[in-house]
1. Within segment 717-727, track down each residue that is modelled with pLDDT of 95 or more and either loosely packed, with under 15 Cβ neighbours inside 10 Å or charged (D, E, K, R) (or both).
2. Restricting attention to segment 392-422, which residues are surrounded by 11 or more Cβ atoms within 10 Å (Cβ to Cβ) and in a strand (DSSP E or B)?
3. Would you pick out the residues in segment 657-668 that are in contact with a helix residue (DSSP H, G or I) (Cβ under 7 Å, 6 or more places away or on another chain) and either surrounded by fewer than 20 Cβ atoms within 10 Å (Cβ to Cβ) or in a loop (DSSP other than H, G, I, E, B) (or both)?
4. Cβ-Cβ under 6 Å, sequence separation 6+ or interchain: first residue in segment 698-726 and touching a residue at least 60 places away in the same chain (Cβ under 8 Å) and at negative phi, partner surrounded by 20 or more Cβ atoms within 10 Å (Cβ to Cβ) and of a type in the set (D, E, K, R). Which pairs?
5. Between residues in segment 933-944 that are assigned by TED's automatic domain parsing to the domain that holds residue 819 and outside any loop (DSSP other than H, G, I, E, B) and residues that are modelled with pLDDT under 95 and not polar (S, T, N, Q), which pairs lie under 8 Å by C-beta distance while being six or more apart or on different chains?
6. Determine which single condition residue 826 fails, assuming it passes every other condition in (1) touching a strand residue (DSSP E or B) at 6+ places or on another chain (Cβ under 8 Å); (2) touching a residue at least 40 places away in the same chain (Cβ under 8 Å); (3) surrounded by 20 or more Cβ atoms within 10 Å (Cβ to Cβ); (4) not charged (D, E, K, R).
7. Looking at (1) closer than 30 Å to residue 327 by Cα; (2) surrounded by 24 or more Cβ atoms within 10 Å (Cβ to Cβ); (3) under 29 Å from the mean Cα position of the chain (by Cα), which is the one condition that is false for residue 297?
8. If you take the residues in segment 896-922 that are in contact (Cβ under 8 Å) with a residue 40 or more places away in the chain and of a type in the set (D, E, K, R), which one is nearest to residue 842 (Cα to Cα)?
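The values are calculated or read from the model by the stated rules, or taken from the named source; none is laboratory data. Keep in mind it's a predicted model, so treat the numbers as computed, not measured. Cβ: placed from backbone, ideal geometry, glycine included. Neighbour counts: every protein chain shown.
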Amino acid sequence: MQATATGGLAHKLDISRRSFVKLAAATAAATAASAAFVPQALAEDHNSGSLPEAGVQRIRTMCRGCGKMECGVWVTVENGRAVKIEGDESSFASSGNSCSKSQASLQACYHPDRLAYPLKRTNPKGDDDPGWVRISWDEALKTAGEKFLEIEAQRGPNSMFSMCGTSRIYCMSSALAAQAILNTANTHQAYQICKGPRHVATGMVSARAYSWMATVDRPKVYVQWGGASELSNYDDSCRTTVDAATKADHHILVDPRMTNMGKEADIWNPLRPGTDGAIGLGWLNVIINNDLYNDLWVKRWTNAPFLVCYDIEPSGWKQGGMGGSEEIKTRLLKESDVTEGGSPKKFIVFDQLGNKFTYFDAETGYWEGETPWEITGKEAAQENLIPGMTQGFVPDMSPFNPEIDPQIWGEVEVTLKDGRTSTCPTVWQVFNDYLADFTPEKVEEITSVPAADIIEAATTYATPIDPTTGYGNGGIQYMLAVEHACNSVQNSRICDLIVGITNNFDTPGGNRGATSATFGEEFAMMGSGLGMGAPELWDSVLGVEDIPLLKHHKIWADSTAVWDACNNEGSPYPLYGGYCQSGDVMNMSNALWGWEGLKKLDFLLDIDLWHTPTSQLADILVPARHWLEVDCPRRSQGSGGMEGSHCKCVEPYAESWFDVDIIIQLCKAMNKPWSADPENPWPDSIYELDAAAAPMGLTWEEWKKEFQEKGFRDCKKEYPEDWGTYRRYETGHCAGGRGVFVPGLQTPTRKQEIWSTWIESYHPDGAHTLPMYNEPPESPISQPELAKEYPLIMTTGRRIPVYFHSEHRQLPWCREQWPVPRVEINPADAEELGVDQGDWVWIESPRGKIRQVVDLYHGIRPGTINCEHQWWLPEFNGATKGFDLVSINCLVNKDLRDPLCGSSYARAYQVKVYKATPENSPFGNPIPCDVDGTPMISTPDDPRLKAWLPGGQGTEAHRGY
C-alpha cells in the first residue's frame with residue numbers, strides 16, 4: 001500500500017516479521033535497562049507477598065489485555081521483569097492461545113507514560129496543562145474523603161456519582177461499592193451499553209445473563225450475530241470461536257459487514273444496521289410456521305399457554321427484587337381473577353386434553369397436581385469435547401404429570417369472578433398475531449436481506465442435525481450490535497426466544513449463562529459492610545423519569561441523564577462530585593456533552609493507569625496497578641466453565657496501588673466501614689483474598705499454589721450439580737439457588753416470558769410487553785428528510801485485533817500496526833464521494849464531525865459505513881487528548897436511547913462523508929493535529945512510537961511530576 005498525499009495510511013500498516021523480531025529484542029533490552037529507573041513503591045504493598053528478584057520464573061495467571069476475556073497465560077519473569085507471555089494449555093476456554101494484545105501487555109506494564117504517583121490538579125479544568133503536582137497517598141485519600149463528605153453534607157444523597165469502564169481488575173465492583181460510599185444510586189457504567197442490556201433483558205424474561213453461549217461445547221450450528229468474536233470478546237473468544245465455527249456443521253453470519261471469520265460462513269444475512277429485531281422476528285416466523293419449535297418447551301417452560309384478559313385491570317403481587325419488593329401487575333389471567341380469594345400466582349391455562357381449565361403455580365413451580373419429579377438423562381454427547389473439559393449431565397425434559405396438553409393457539413371464554421364473560425387469547429396467539437407482519441418477504445423490505453436467505457438461515461439453525469441428542473444445534477453468539485440502536489432489550493428478548501423455543505436453552509452448545517463457581521468474578525471481594533445503599537435512592541435515580549425500569553434494574557443511572565445532571569441542564573437535580581475507576585467519557589451518550597459535564601463538577605477522583613481524556617478533568621488522579629502486578633480471583637464470566645486467578649507476576653510500578661486497597665483506604669478516610677467485621681473495618685486486600693478463597697477451604701496462598709501446580713479448574717467437575725448439569729430449570733438450580741431450589745426460570749412466572757410481566761408492570765400501556773421490533777429513530781425509514789442531507793448509515797464498534805475499546809493506542813506493538821482510525825466504505829460509495837484508499841475524510845452528523853481514514857472494503861453493504869469507536873490520541877498534549885477530533889461518539893444524539901434500559905443510540909444513524917482537505921481542515925492539515933499544530937501519529941515509522949518503548953522518554957506533557 002503506497003503513501004497518500006495526506007499521509008493517512010502511509011507506508012505499511014502491518015509491521016513485517018523481521019521488524020517485529022527486531023522490536024521485540026529492542027523492547028526486551030529496553031525493559032532490562034529501564035529497571036534501574038523504575039521508582040520503588042513508597043506505599044506498603046497490600047496485594048500479596050514480594051516476589052524473588054533474581055532468577056527465572058514461569059508464573060501461571062490470566063491475561064486482561066482485553067476486557068474480561070482473561071485467557072489463561074504463562075508469564076516468564078527474569079530477574080523480576082516480565083519478559084514473555086504465552087498461552088496456558090490448561091485454559092480450555094482460550095485453547096492455550098495468547099493474542100497480540102496480551103503480548104503488548106509487556107509494553108503496557110513498563111510504559112514510560114504510566115501513572116506513577118498520586119497527582120493533584122493546580123490549573124482550571126479544561127486547561128491544556130492541568131498543572132499536575134505530585135502528592136502523597138495520604139494527602140490524596142484525605143482530600144478525596146473530605147470533599148466527598150463535604151458534598152454529601154451540603155447537597156444530600158444522590159448528589160454524586162461513581163463511574164467505571166469494562167476493563168482492569170476489580171473496577172466494576174469498586175464502582176458499585178463507591179455507590180454506597182457516596183450515598184448515591186447514580187453509577188455511570190459501560191455495562192449499560194456492553195452486554196448489560198441483554199443481562200437485564202434475560203433477567204426479566206428468562207434467566208439473568210443466559211445470553212452467554214457455551215462456545216466451548218462446540219455448537220453444531222455456529223451463529224455469529226453482529227460482531228467478530230474471533231478478534232476480541234469475553235471468555236469464549238478468539239481461537240475458541242474460530243475452532244467452534246470451523247468444526248460446526250453450519251456457520252451463519254448476521255451482520256451488515258462481512259467479518260473476518262464470516263468469510264467462511266455458509267449463510268450471510270447482511271441486514272441494514274439497526275434492523276436486527278426484524279431479522280429475528282423473521283426467523284421466528286419461519287421457525288413457528290414450519291413447526292421447527294420444540295412443542296414441549298413452549299407449553300411447559302414458556303408462558304405461551306397463559307391467557308391474556310383485556311377486560312381486567314392489571315393485578316398481581318409483591319415480588320422480591322434487588323433492594324426491596326416491587327409490584328407485579330399483569331393482565332395474564334390468574335386464579336385471583338376468576339375466584340374470590342384465589343391466588344394471584346396461579347396462572348390459568350386451558351387443558352385441551354382434558355377439556356378443562358387448570359393452572360400453573362408460580363409460587364411452587366409446579367402445575368396443578370404435580371409433585372417433584374425424578375431427574376433422568378445422560379452425559380452430554382459432545383463430539384468435539386475440548387481436552388481438559390468433562391462432559392456434563394443433560395436431564396431429560398420432563399413431561400406433564402399428571403398428563404395435560406395446554407392450549408397455545410386460539411382463545412377461550414372465561415367467566416370472571418364478578419360474573420362477566422371475557423374472551424381470552426393465549427399469549428402464543430397474541431404474539432403470533434404480531435409476528436404475522438414479519439414474513440420473510442416483509443422482513444426483506446425492512447432489512448434488504450433476501451427472503452430466501454432469511455428462510456435458509458432460520459431453517460438451518462432450527463432443524464436439529466442430530467435429533468437423538470434431545471436438544472438443538474446450539475445457541476446464538478449475539479454481540480453488542482444488537483444493543484446500540486434503541487431496541488437493545490427487545491432484540492435480546494428476540495434472540496432469547498429463538499434460543500428457547502428451538503431447545504437450546506441451557507443445553508450443550510446453547511445459551512446457558514455465567515459460569516457457576518466459588519469465585520463470583522472480582523465481586524468475590526465486594527465490601528461486606530457497604531451494601532448497595534438505601535433502596536429509596538433508586539426512586540430518583542437519574543433517568544428514571546424517561547426509563548422507569550431503571551428502578552427495577554438497580555444497576556446504573558442513565559448515561560445521558562448523568563451528563564445532563566453534571567451540566568445542570570434538563571435534569572431533576574445536579575451532580576457535584578464523582579468517583580471514576582477505569583471509566584471512559586467516550587463510551588456512550590454524546591462524548592462531547594459528557595466531557596463538558598465533567599468540567600463542571602466540584603470534585604472528581606480518578607483511578608487509572610494513564611492520562612486519558614477523562615483523567616484530564618480529575619482533581620485528584622491516582623495510579624492503579626497493571627494486571628501483571630496483582631492477585632485477584634476469577635471465573636469465566638461467560639459460559640467458559642473455568643475457575644482460576646490472576647496471580648501477581650512482577651512487583652508493582654512506582655507508587656501504584658491495587659484497586660481494592662484504594663477503595664478500602666478511601667472508606668477509612670471517610671470513616672465508613674468496608675468490612676462488617678467491627679474488629680477489622682478496613683482490612684487490606686490480602687484479607688479479602690483469603691475471604692474469597694475461604695469457600696474452597698483454602699487460604700489465598702494455598703489456592704495460588706494449587707492453581708500454579710494444577711491449572712484451571714473445570715467447573716463441570718467441581719460443581720456437578722450446578723455447572724456440570726444442563727437444563728437446570730429442571731433441577732431448581734436456575735430459578736432457586738441459595739439453598740432454595742424451585743423448578744423453572746428466574747421470572748415472576750418461572751417461565752420464559754413471551755409476555756413480560758416485569759415490563760408490563762412498568763409499562764402498562766403494552767407498548768413493550770411482547771418481543772417487538774422498532775425502527776431506529778434516525779434511519780432512512782423513520783426520518784427520510786434527514787437522510788437526504790445525511791445519506792449514509794453509520795455503524796461502528798467492530799473489534800480490532802490490537803485494540804480493545806479505548807485501550808492500547810499508546811503501545812508501540814499495537815499502534816504501529818493500526819496507527820489511525822479507519823472508516824470502511826464500499827468502493828462504489830467511495831467513487832461517488834470522490835474519495836480513495838488512505839484519504840482522510842470528515843464524518844458528520846447533526847451533532848458534529850470527526851475525521852477518520854478511508855479503508856475501501858467490498859464486505860460492507862453499499863450505503864453503510866463502518867467507523868471505529870473510542871479513538872483518542874495519547875500522544876497529544878491538549879486537554880481533550882484529541883478524542884474530539886477522531887472519536888465517533890462525538891456524533892451521537894444523546895437524547896435517543898433504549899426505552900427499557902437507556903442504552904445509547906451508538907450506531908445505525910445517518911451521517912455524511914466528504915474528503916478532508918487543507919482548505920477545510922484546521923492548521924491546513926487533513927491529519928488531526930494537537931493544539932500546537934503537531935499532527936497525530938499516522939504512520940508505523942513515527943519516531944514518537946520509540947519514545948513509548950520501556951525505558952523511553954514518553955510523552956512530553958507526562959514527564960516531570
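1. Residue satisfying the conditions is 727 alone.
2. 393, 394, 395, 406, 411, 412, 414, 422
3. The answer is 658, and nothing else.
4. What qualifies is 708/60; 713/643; 715/643; 723/716; 724/716; 726/506.
5. 935/7
6. (2)
7. (2)
8. Taking the candidates together, the pick is 915.
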